[in-house]
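Some notes on the structure that comes next.
The values are calculated or read from the model by the stated rules, or taken from the named source; none is laboratory data. Given the structure is predicted, the values throughout are model-derived calculations rather than measurements. Cβ placement follows ideal geometry from the backbone for every residue including glycine, while neighbour counts extend to all protein chains displayed.
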């Protein structure tokens, strides 16, 4: 039986996973920001950030220092190729009155994870992601839309608070970052099981 994502389950699991891993996520984010200006190293650390939802989907507790592991550089070519193909497809979709761009973005949203987790090449990752998200795109879109709305409303409200508002907005961003990765991990964890069941 094919696994489908459920709105309430993804939100609940996503928030739980994100908040449970908040210290590690925060540590990884700080280290990534501090080293983003260092050529070549920044590629490995950025790819490592992409793997966090994969690890979270498997219940793995990761160390923030793991983003410096040299193993992530071996994915560089395939990740860049996947991002390039995704970007071209999404931009082409936006040319056709915006909505197709969002549909393509949802369809290919698991591609990077499939490259890093399953070892698929760029074209195969896009194809499999499209297949896995079929019938789930509206749910994925709704989840991220709700998350974005809550984030923007929170930032808007706290922006009216002098001094303390800046700290509160930073806290909201950190929680949003954790929730976003947690939700991605829940979606990927559920839908990637369909690959295993097909083999």
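A single member of 98, 112, 90 is surrounded by fewer than 21 Cβ atoms within 10 Å (Cβ to Cβ), touching a residue at least 12 places away in the same chain (Cβ under 8 Å) and either touching a helix residue (DSSP H, G or I) at 6+ places or on another chain (Cβ under 8 Å) or farther than 25 Å from residue 22 by Cα (or both), and it is 90.
Counted as qualifying within the range 121-199 are the helices (runs of 4 or more DSSP H) with 3 or more residues that are exposed (fewer than 13 other Cβ atoms within 10 Å of the Cβ), namely 137-158, 164-191, 193-198.
The set of residues in the range 94-112 that are in a helix (DSSP H, G or I) and under 19 Å from residue 49 (Cβ atoms) comprises 105, 111, 112. Taking every residue in the range 26-44 that is over 16 Å from residue 170 (Cα atoms) and pairing it with any residue that is assigned to a loop (DSSP other than H, G, I, E, B) and at pLDDT below 90, at least 6 positions away or on another chain, the pairs with Cβ-Cβ distances below 6 Å are 42/36.
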